[in-house]
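*Asks:* Following this message is one structure expressed as structure tokens.
The values are calculated or read from the model by the stated rules, or taken from the named source; none is laboratory data. Please read these numbers as outputs of a predicted model, since none were measured by experiment. Glycine gets a Cβ as well: all are built from the backbone with ideal geometry, and neighbour counts include every protein chain shown. Surface accessibility is based on the protein's heavy atoms, side chains included, excluding ligands, DNA and RNA. Shrake-Rupley method; radii C 1.70, N 1.55, O 1.52, S 1.80 Å.
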Amino acid sequence: MKDKLVDLDAAVDLVGSGDTLTFSGVSMVRKPMAFIAKLIQSGKKDFTIVDREPGMDFDILIAAGCVKCARAAMVGFELFGLAPNVRRAVQEGEIQFIEETCGAVVNGLRAGAMGLPFLPVKGIIGTDLVELHEKLGNWKIINDPFGGGEIVAVKAIVPDVAVIHVQKADRCGNASLEGSRFEDVYKAKAAKKLIITAEEIVPTDYFKENPEKNTIPYCYTTAVVHVPKGAYPTACPNYYPPDYEEVLRYLKMCREGKVKEYIDEFIRRW
Amino acid sequence: MHPADVMIKVMASQIKDGEVFLHGLASPMPALAMFLAKLTHAPNMVYLAVAEGIDPDPEKFKLYPSSADPRHAAGCIGIGELAEAFDLAAKGKVDGMFLGGAQIDKHANINLTCIGSYDKPKVKLPGGAAAAYLSPIVKKLILWTTNHSKRTFVEKLDFKTGIGYEKGKDKKVVVVSNMAVFEAEESGLRLISVHPGFSIDDVLSEMSFEPIIDGYATTQPPSDEEMKIIQKLDPENVRYLEFKK
């Protein structure tokens, strides 16, 4: 095992403009916000971003003008309302938005992790999403070769880079997700490069003594970054809850046309 | 009584003991309904949720604005990835799911995608989440809207994100609005009950299509005991945030 511990800037160097990226977490939980701040600061852009149910991560990257295409089953701030910058950018035709459905995006990532070209996924047929995705070449209705009728084949999703914020990792890139994992293990294994950001760097003995806690072993990992509070203002289970007040402050500043000010502050935080 | 509490009671009454239910993001009322059912008539229901705690402990539960808040999994018996809940649904073993609907038609098909065209939307909505995937494969689909209006109950959807009634399938589709309860059948949406405080005229004048009416009841509101349970799970009234001021 090699030492893969780097700083945030070195980790951002692993990303290229135009890359397809995916991030850990959902909604207001375990989003790699510190990495996203540095990514915005780097000036790289034209990203395709893909996830099941993102929130502020997608919204702020789009607000910063870094995104060409976004793919998600749902994106918003739940009870706090629509994602203002996603909404504006889509309505003004600034970015392409591809609406996914949870079962498809999850299994697309799983296919990516399994090294398979596609996975068959139930449901979906009969909705307007099918035509959209068939046109884009992401899905195709096929016949079950074993006689089960029509089913949607979902093409593997293989992001260029996955950025996964975890609670604990060692310097070699062994990583432990505590509590909800969402699709993060599949994202980590599907991507060509994997960047782990971690609340804590623990000795490798932590994993030797508790191998079941090693949810993403080192052999998948490209780089590890130590970033306490790296998911803030989203939550990191066992470390801190979402900071709802801060999320509301972001939304208020967006509404008041001050999103650039928020982004400046967001970058300075890291 | 706040319509949220009536809606929670209606949602809870759809859950039978031993059934497996799932809720997603932006779902405060479904979460409370699942706990209410578990603490009253359905102690053996299996609670699956977007926060990924299986059977969280109601004693330790407090409702927060994000359904995925990790505190919502407090006291759970295990972690169940949402991906695993989707697998279970594909096996036909998720009995029920709750979904919202920005637009709902008379067949209980729903739009959560966009107002206007997909390519040039007037309003880009948050998206269907699991609607397209789960709506055709669960046995009970419970749709809710806090905005009973002509804009919600539409003649024609701008986009079909999820599928309601399906002929010949073992599938029940219930629509719970802030004014009434409906159930989808082959010829349309049947009015089941009207919530206390609303008239049949309130219900009908705010729909773009006519539901099937063939006698209807007054919706059973939660009892004092049930209200205590709801209030204990949500002491800060987060469940009311979803309603327009």
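*Asks:* Could you give the DSSP H helices of chain A that reach 15 angstrom or more along their long axis (alpha carbon positions) and whose average Kyte-Doolittle hydropathy is no lower than -0.5?
*Replies:* In chain A, the long hydrophobic H runs are A:102-114.
*Asks:* Toward the positive end of the charge dipole of the stretch A:1-157, about the Cα centre and with charges on Cβ (Lys, Arg +1; Asp, Glu -1), which of A:LEU136, A:MET28, A:LEU5 goes farthest?
*Replies:* Farthest towards the positive pole: A:LEU5.
*Asks:* In chain B, what percentage of the DSSP-assigned beta bridges are antiparallel, given to the nearest 5?
*Replies:* Here the antiparallel bridges make up roughly 45 percent for chain B.
*Asks:* Further, regarding this structure: Using the crude model of +1 on Lys and Arg Cβ and -1 on Asp and Glu Cβ, and no other charge, please compute the dipole size for the protein assembly as shown relative to its Cα centre, in debye to 20.
*Replies:* 820
*Asks:* For a bin width of 10 Å, list the pair-distance distribution of the protein assembly as shown built from all Cα-Cα distances, rounded to whole %.
*Replies:* Taking all Cα pairs of the protein assembly as shown, the binned fractions are 4, 20, 30, 27, 14, 4, 1, 0 percent.
*Asks:* Looking at the stretch B:79-217, send over the antiparallel percent of its DSSP beta bridges, to the nearest 5.
*Replies:* Antiparallel bridges make up about 50 percent of those DSSP assigns within the stretch B:79-217.
*Asks:* Would you grab the residues whose amide H sits under 5 Å from the one on B:ASN147? Only those 5+ places off in sequence or on another chain, please, with H modelled 1.01 Å from N.
*Replies:* Answer set, sorted by chain and number: B:ASN178.
*Asks:* Once each part is reduced to its C-alpha centroid, what is the distance from the stretch A:146-168 to the stretch B:172-245 in angstrom?
*Replies:* 38
*Asks:* Which ³J(HN,Hα) values in Hz, rounded to whole numbers, follow from the phi angles of the stretch B:139-146 under the Karplus curve 6.51 cos²θ - 1.76 cosθ + 1.60, where θ = phi - 60° and Gly and Pro get x?
*Replies:* Coupling constants for the stretch B:139-146: 8, 10, 10, 10, 9, 9, 9, 9 Hz.
*Asks:* What accessible surface, in Å², does a 1.4 Å probe find on A:ASP3, ignoring ligands, DNA and RNA and rounding to the nearest 10?
*Replies:* Roll a 1.4 Å probe over it and A:ASP3 shows about 90 Å².
*Asks:* Search the structure for amide H atoms under 5 Å from the amide H of A:ILE141, placed 1.01 Å from N in the peptide plane, and list their residues when 5 or more places away or on another chain.
*Replies:* Distant-sequence amide H within range of A:ILE141: A:ALA153.
*Asks:* Roughly how crowded by other chains is peptide B:75-85, in terms of the mean Cβ count from those chains within 10 Å of each of its Cβ atoms?
*Replies:* 4
*Asks:* Can you pull the mean other chain C-beta count within 10 Å for peptide B:51-58?
*Replies:* Per residue, the number of nearby Cβ atoms from other chains is 2 on average.
*Asks:* Between B:ASP202 and B:LYS167, what is the label-point separation in nm under the 7 Å Cα-to-beta-carbon projection?
*Replies:* So the label points at B:LYS167 and B:ASP202 sit 3.6 nm apart.
*Asks:* If you take the beta carbon distance between B:MET1 and B:SER117 as r and set R0 to 35 Å, what does 1/(1 + (r/R0)^6) give as a FRET efficiency, to the nearest 0.05?
*Replies:* 0.30
*Asks:* Also, quick follow-up: For the stretch B:3-242, which whole percent of the accessible surface, found with a 1.4 angstrom probe, sits on carbon and sulfur atoms?
*Replies:* 51
*Asks:* Can you give the longest stretch of chain A with no exposed loop site, where a site means trypsin sites (Lys or Arg not before Pro) in a DSSP loop (not H, G, I, E or B) with at most 12 other C-beta atoms within 10 Å?
*Replies:* With trypsin sites (Lys or Arg not before Pro) excluded where exposed in loops, chain A gives A:3-268 as its longest stretch.
*Asks:* Build a GNM of chain A with springs between Cα atoms under 10 Å: which of A:SER17, A:SER176, A:SER27 gets the top mean-square fluctuation?
*Replies:* Greatest mean-square fluctuation among the candidates belongs to A:SER17.
*Asks:* Here's a follow-up. Suppose every K and R has +1 on its Cβ and every D and E has -1 on its Cβ; what is the size of the dipole of the stretch A:17-58 about the Cα centre, in Debye to the nearest 20?
*Replies:* 140
*Asks:* I've got another one for you. At a threshold of 8 angstrom on Cα-Cα distance, excluding pairs fewer than six apart, so keeping six or more, what relative contact order does chain A reach in percent?
*Replies:* The value is 23 percent.
*Asks:* Next up: Would you pull out the residues with amide H under 5 Å of B:HIS23's amide H, same chain only if 5 or more places away, H placed 1.01 Å from N?
*Replies:* B:LEU48, B:ALA49, B:VAL50
*Asks:* Here's something else I'd like to know. Let me know the mean shielding of A:24-33 by other chains, meaning the per-residue number of their Cβ atoms within 10 Å of its Cβ.
*Replies:* Mean partner-chain Cβ count within 10 Å for A:24-33: 4.
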